[in-house]
Structures are given as structure tokens and as C-alpha cells.
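What follows is a set of notes on a single structure, which appears directly below.
The values are calculated or read from the model by the stated rules, or taken from the named source; none is laboratory data. Quantities reported herein were computed from a predicted structural model and do not represent experimental measurements. Every residue, glycine as well, gets a Cβ built from its backbone with ideal geometry; the counts of neighbours run over all protein chains shown. Note: areas computed on protein heavy atoms with side chains; ligands, DNA, RNA excluded. Shrake-Rupley method; radii C 1.70, N 1.55, O 1.52, S 1.80 Å.
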Amino acid sequence: RLRSEIGRTGVSAEHQTYADYFLARGSWEQGVRHLLVAEDYVRAAKVVAEKGAEWISSGALSLLASMADSLPNTVIETHPRVCAHRAEVARLRGEYETAQMMFRRAAALLQHRDDREGEAETLHSLATLARREGDYSLAFTYLDRALQLVDERSPVRMKCANTRGLTFVALGEWTSAELEFRS
């Protein structure tokens with residue numbers, strides 16, 4: 001009935017209002033849901049890109065996946081961290097081939113946007129997949145490139161050192177592993 005009274009544009013405007021209300025209060029999930037219904041995919045992608053790491057840390061993997069999957073590819077290409085977060089969900093779920101494909105796409109998009117921190121994070125994730133597959137040389141290549149992209153204070157450096165240490169452990173190079181873990 002509301003749609004017949006105010007039209008599709010009016011309903012969309014109502015959802016925008018609801019989204020603004022929830023986003024202003026830090027209720028990201030509800031805000032994004034209203035943005036998706038309003039078909040404001042750009043704003044939804046911005047929130048998913050910004051809050052995706054928090055949702056992953058809190059275990060909200062299905063939530064993140066459903067929101068990312070609701071976005072058009074053209075919007076994801078302009079917000080490549082969405083792709084990287086979706087790839088991380090796939091990796092955590094054991095969908096390694098899908099994750100690898102999505103991480104490669106995200107890395108290329110992040111590089112194109114000159115998002116060095118995001119690209120480094122993505123390369124680190126690719127390194128973890130390469131290590132898991134036993135391709136230690138490729139893992140080191142990804143880690144080296146990731147470290148070139150970030151400054152000395154980046155949290156990605158610690159993740160890379162940890163993954164490098166685990167890779168040395170897999171190779172039986174205990175001294176090198178210990179040095180990485182200590183760093």
C-alpha cells in the first residue's frame with residue numbers, strides 16, 4: 001500500500017532515511033540492509049569495505065558474505081576491499097580455490113586504486129594460501145611484495161612475519177623461523 005501511495009522512489013527514500021538512522025548509531029548491519037533495499041549500492045559497499053574486517057573478526061562471516069554477494073560487480077570494482085573481505089570469508093570457510101581467485105582479483109583492483117595497505121593485506125592472504133598448498137617460494141614472493149607496500153608501523157608487517165615464520169617451520173628451518181617470530 002505504501003508503494004502505491006508514495007511510489008518506488010518514495011519507498012527508496014524511506015529506506016535511505018532508515019539507513020541513515022542506523023548508520024548514525026553504529027548499527028552497520030541494519031544500515032547496510034536498508035541501503036541494499038534502496039539500491040544505494042555505492043554507500044552499502046563503502047560500509048562493507050570499511051567494516052568488513054570487524055565483521056570477520058567477530059565471526060559474522062555469513063552476514064559479510066551475503067552483503068558482499070548482494071552488490072553488483074561494477075560497484076565492487078570501485079570498492080575492492082569488499083572483494084578482499086569476501087575472499088577472506090571464502091578462505092576461512094575452506095573454499096581455497098574461490099578465495100585464491102577472489103584475492104587475485106582484489107589485489108589487482110587494490111593496486112589499480114593505489115590502496116597499498118589493502119593490497120598488502122591481500123597479498124598476505126595469498127601467501128597463507130600458497131603456504132597451505134606447499135608452494136613456499138610463492139608464499140615468500142607474496143610476503144616480500146606485501147612488505148614493500150607498507151610502512152614500518154603497519155599491522156600487516158606482523159602478519160607477514162608470522163606467516164614467514166610458519167613457512168620456515170614447514171621447511172624445517174627452525175632458526176629462521178625463530179628469528180621471524182621474534183621480529
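What to note about this one:
- Across segment 57-63, coupling constants 3J(HN,Hα) worked out from phi with the 6.51/-1.76/1.60 Karplus curve, θ = phi - 60°, read 4, 8, x, 7, 5, 5, 4 Hz, and Gly and Pro carry x.
- Eigenvalues of the alpha-carbon gyration tensor of segment 89-145, scaled by 5 and square-rooted, set the equivalent ellipsoid semi-axes at 18, 14, 8 angstrom, largest first.
- For the chain, calculated [θ]222 nm from helices alone, where every DSSP H run of n ≥ 4 adds -39500 (n - 2.57): -27000 deg cm²/dmol
- The apolar share of the surface of the chain, taken as the fraction of accessible area on carbon and sulfur atoms (1.4 Å probe, ligands and nucleic acids excluded), comes to 49 percent.
- Annotation for Glu133 and Ser62: the two label points, set 7 Å from Cα along the Cα-Cβ direction, are 3.0 nm apart.
- 1.4 Å probe accessible area per residue over the chain, in Å²: 56 Å²
- Per-residue HN-Hα couplings for segment 165-174 [Karplus 6.51, -1.76, 1.60; θ = phi - 60°; Hz; x = Gly/Pro]: x, 5, 5, 5, 4, 4, 7, x, 9, 5
- Hz values of 3J(HN,Hα) by residue in segment 51-56 - Karplus curve (6.51, -1.76, 1.60), Gly and Pro given as x: 9, x, 5, 5, 5, 5
- Under 11 Å, Cβ to Cβ, from Ala108 - net charge with Lys/Arg +1 and Asp/Glu -1: +1
- Cα-based helix-to-principal-axis angle, 2-24 vs the chain, degrees rounded to 10: 40 degrees
- Taking the longest Cα principal axis of the chain as reference, the axis of helix 96-112 is set at about 80 degrees.
- Calculated SAXS-style log₁₀ I(q)/I(0) at q = 0.09 Å⁻¹ - the chain, Debye, Cα scatterers: -0.39
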